[in-house]
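To start, the structure itself, in structure tokens.
A short reminder: the numbers here are calculations on the coordinates, not readings from a lab. Every value quoted in this text rests on a predicted model; they were computed, and no experiment measured them. Ideal geometry is used to build each Cβ from the backbone, glycine not excepted, and the neighbour counts take in all protein chains shown.
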């Protein structure tokens, strides 16, 4: 018995490990947040589906670039159409740029014709910090097994100029297409660009 | 006015006012030239002048964590050519956890223009400048800028701008790059440069050109020794393929600041001691690390003192019982028991070291006690404590063999029991650090594997030393009471501290996870007790043994329940959880900086719920009325860094101070380096420290 216990102790030492920063190929940090529709959303609810996380702030010029051009909305429609779940997360603290309440978030979704599965409110910034989201937009893709397969920018050309969208590699779309096709993601970690997330 | 005169007037105006600054939100932009005319057939210098409003900044070629570099696209007369922007070295702009590289004052972005020979007249150059100007929010801007100058035979410096060109050139990196080597190891980028330019440097900063090389927000650790500089910084989360060269700018502070281009090729670079950067002035000898011998001495002493730390209290029962039991044997058996105990302690310390080091290789941010950050391990420890408690209570007898294999164990007089008592001492001691130990382990983690294992093993030796001595010099134990029937009662009594330990572990688990997880683990404890009861004091018949094993496996299987995971919503320790520390705030680098900017003294408490030493200090010292009065009187701000669950930011701070575990107490004077307080505090010591640090400030 003693021997077995100590073997187990050693095993636990090695495997029963604490999770740190979000890492590719590791389980994405679990969270539960309230959506703009008042419902609770947990990452765990979407086991078996691809989940796209989008950190956003509607007043940030880089976010505007992708919404005014319709790029973000079309990616939302295209990817949710393929069965992926798209969660837009707002981590702006109250009083900071981009902070909205549930009604404000719904109005934005409507006025911009956005099509995420849900808009999640993270005014405390807890989930943003958990994911180490640095910029808006900052994108993450979680595979059906709950593991993180992409983190980084929305595309490859860091600028606030909508004309650059056509020239850029849309990293999130490419990552999902590759993963859904059973291939490894080529550019799995890229440098995000945009405004800083307006945490407390 | 006739048409020709109008034209002449317009031309004159154009010549007199070649370009007016364009005003955009929060910034002024203009194209300026170093000379008053174009020099045909020669390089000419022009510049984009950007002047952000106070509190706003634009970006360097590598903008850092967010932001965008300024760009220029030229429209030039035929045959003219524009070079790239020559970027003066940037300054750092911190925004929360983000660090950006840029310019918060008027900056000239110098560009060389090649002007062909054999031309005459006025020529206009145009540039579309795009920038991002940010304070806490960002505004992208752009402007079509133009500059018209006549071709002139002799260079006449523009009285207004020429001096600014000179100032800017002093901030450009010297063209000839300093050669060096770099390595990307252990999740950090290390750079080593050896150049005469570095002699006499008081400080250096490295700015990489690539934006996916280093984590810009992580602190750069620097060691300077003569002409050699070593720099280490955490690698970027977006670090891609290993680069062929690492290029960037080295800013050297030697009286004034000088900038040098750097081009480093792959090679071997030793890491930089975490303690090195803590010193504001670099040590003359280059290394602030303790020597191996000193570290070994510290480890031995630390292990020895670890026996007296409150965190080892839970294992005290087992130790007391085992010491008394060991007295029953003859001298040689006692020596063997002592050696077995020592071997258990030394080997398990080495095993913990191996696990930490291997996992760190894998990029995990870990330190001593890390396993208690995993709720499943905490639950497992609760199981272990209950099992041991029940064994002391006499419900179950572990001394008998399991499945008949261990017959030899009994005959050997239970040396394996002594060995596992040693292992247990380490497992239970792992939530805490003792004086001297932090320094030794912090040192070990920066060393090659065999050195690290050696230091950790020495710690185990220190921990086992009292028992080793007792085994070899039985005279030392003469004061111990004679074994007798009372020992059975004593043993049973000693079970209760273990049951209390189970309660404590469940509390830790509850803080890490949820009531659900505690309920599941409590059920597991009941299942385990059931298994042990089935097993009983003697070898049970096989059906009963099988059922017992089944129940034990069931109890262990419960540990895999998803509820036993760290929940996102847990309250940080000492903020809402601990009574009487309501005024403390959660630690962040940004908050610390902010408080220090307000000129306040700051006390930082790095703690964890599973660290009993920390909890004892919190109860005895931080909740002491006199201590609180003194803290309030001196207006000392109080930050709590909670390491109960993994937090790479806190691990980074611990490493910066050469530590690998909690507690760590830092007392920052309003300016200057912090004072590191001892790990075992008393109210008197704390008050003295506050008084001393605040007196430092007045000098």
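Stretched out fully, how many nm does the piece from residue B:673 to residue B:485 gain, at 0.36 nm a residue minus the Cα gap? The partial results should precede the final answer.
Values: separation 188, 0.36 × 188 = 67.68 nm, distance 5.85 nm.
Between residue B:673 and residue B:485, full extension yields an extra 61.8 nm.
How high is the relative contact order of segment B:154-210? Use alpha-carbon pairs under 8 Å, at least six apart in sequence, and give a whole percent. Please report the intermediate quantities before stating the final value.
Values: 21 pairs, mean separation 11.3, N = 57.
That works out to 20 percent.
Restricting to DSSP H runs of at least four residues, report the calculated mean residue ellipticity at 222 nm for chain A, -39500 (n - 2.57) per run over all residues, nearest 500 deg cm²/dmol. Let's see the in-between values first.
Values: 6 runs with 60 residues, N = 200.
So the helix-based figure for chain A works out to -9000 deg cm²/dmol.
Would you please classify the overall shape of segment B:489-562 from the alpha carbon gyration tensor, given that a ≥ b ≥ c denote the square roots of the eigenvalues, rounded means a/c under 1.5, and beyond that prolate means a/b larger than b/c while oblate covers the rest? Walk me through the numbers before you get to the answer.
Numbers: a/c = 4.15, a/b = 1.27, b/c = 3.26.
Cα axes put segment B:489-562 in the oblate bin.
Sort segment A:134-185 into rounded, prolate or oblate with this rule: let a ≥ b ≥ c be the square roots of the eigenvalues of the Cα gyration tensor; rounded if a/c is under 1.5, and if a/c is not under 1.5, prolate when a/b is larger than b/c, oblate otherwise. The partial results should precede the final answer.
Values: a/c = 3.77, a/b = 1.69, b/c = 2.23.
Oblate, because a/c is 1.5 or more while a/b does not exceed b/c.
Per residue of A:129-136, what is the mean number of Cβ atoms on other protein chains within 10 angstrom of that residue's Cβ? Don't skip to the end; give the middle numbers.
On the way: counts 6, 1, 0, 6, 0, 8, 4, 1.
Mean shielding count: 3.
Report the relative contact order of segment B:66-172, percent, no decimals, based on alpha-carbon pairs under 8 angstrom and at least 6 residues apart. Mind dumping the intermediate values first?
Numbers: 146 pairs, mean separation 33.5, N = 107.
Answer for segment B:66-172 is 31 percent.
With the Cα gyration tensor of segment B:65-119 in hand, give its eigenvalues times 5 under a square root as the equivalent ellipsoid semi-axes, listed largest first in whole angstrom.
On the way: eigenvalues 221, 23, 10 Å².
Each semi-axis is √(5λ); the values are 33, 11, 7 Å.
Can you give me the Cα centroid spacing of segment B:597-621 and segment B:191-270 in angstrom?
Their Cα centres are 34 Å away from one another.
What fraction of the DSSP beta bridges in chain A is antiparallel, stated in percent and rounded to the nearest 5? Numbers along the way, then the final one.
On the way: 17 of 27 bridges.
Of the beta bridges lying entirely in chain A, close to 65 percent run antiparallel.
Under the 0.36 nm per residue contour assumption, what length would be gained going from the current alpha-carbon distance of residue B:242 and residue B:473 to full extension? List each step's numbers first, then the result.
Values: separation 231, 0.36 × 231 = 83.16 nm, distance 5.74 nm.
That works out to 77.4 nm of additional length.
How far apart, in nm, are the 7 Å Cα→Cβ label points at residue B:395 and residue A:68?
Rounded to a tenth, the inter-label distance reads 7.0 nm.
Once you have the Cα-Cα distance between residue B:542 and residue B:157, take 0.36 nm times their residue separation minus that, and quote the gain in nm to one decimal. Numbers along the way, then the final one.
On the way: separation 385, 0.36 × 385 = 138.60 nm, distance 10.10 nm.
Additional length available on full extension: 128.5 nm.
Cα gyration tensor of segment A:29-89, axes a ≥ b ≥ c as square roots of the eigenvalues: rounded (a/c below 1.5), prolate (a/b > b/c) or oblate?
Working: a/c = 2.40, a/b = 1.43, b/c = 1.67.
Since a/c reaches 1.5 but b/c is at least a/b, the shape of segment A:29-89 is classed as oblate.
Output the Cα-based Rg and Dmax of segment B:199-249 in Å, rounding Rg to one decimal and Dmax to a whole number.
Rg and Dmax of segment B:199-249, Cα atoms, are 12.0, 35 Å.
With each label point set 7 Å from Cα along the Cα-Cβ vector, what nm distance links residue B:515 and residue B:333?
About 5.2 nm separates the two model spin labels.
Computed FRET efficiency, Cβ-Cβ of residue A:164 and residue B:635, R0 56 Å: what is it to the nearest 0.05? Provide the component values of the computation, followed by the final result.
Details: r = 51 Å, r/R0 = 0.91.
The value I calculate is 0.65.
If the viscosity is 0.890 mPa s and the temperature 25 °C, what translational diffusion coefficient in µm²/s does Stokes-Einstein give for segment B:126-232 when Rh comes from Kirkwood over Cα pairs? Don't skip to the answer; put the middle values down first.
Working: Rh = 18.3 Å.
In µm²/s, the coefficient rounds to 134.
For segment A:101-200, take every pair of Cα atoms, bin their distances at 5 Å starting from 0, and report each bin as a whole percent.
In order of increasing distance, the bins hold 2, 11, 18, 20, 23, 17, 7, 1 percent.
Over segment B:634-699, how many percent of alpha carbon pairs lie in each 5 Å bin up to the one with the longest distance?
Bin by bin from 0 Å, the calculated values are 3, 15, 26, 23, 19, 11, 3, 1, 0.
What whole number of Å gives the distance from the Cα centroid of segment B:336-355 to the Cα centroid of segment A:129-200?
The two parts, judged by their Cα centres, are 47 Å apart.
Can you give the FRET efficiency for residue A:126 and residue B:257, using 1/(1 + (r/R0)^6), R0 = 45 Å, r = Cβ-Cβ distance, to the nearest 0.05? Intermediate results must be reported in sequence, preceding the final value.
Numbers: r = 40 Å, r/R0 = 0.88.
After rounding, the FRET efficiency stands at 0.70.
Segment B:33-175: percent of C-alpha pairs farther apart than 18 Å?
On the way: 5831 of 10153 pairs.
That fraction is 57 percent.
Using R₀ = 60 Å, calculate the FRET efficiency as 1/(1 + (r/R₀)^6) where r is the Cβ-Cβ separation of residue B:169 and residue A:34; round to 0.05. List each step's numbers first, then the result.
Working: r = 55 Å, r/R0 = 0.92.
FRET efficiency, residue B:169 to residue A:34: 0.60.
Given 4 °C and 1.567 mPa s, compute D for chain A with the Stokes-Einstein relation, Rh being the Kirkwood radius over Cα pairs; round to the nearest whole µm²/s. Numbers along the way, then the final one.
Working: Rh = 17.5 Å.
Here the translational diffusion coefficient equals 74 µm²/s.
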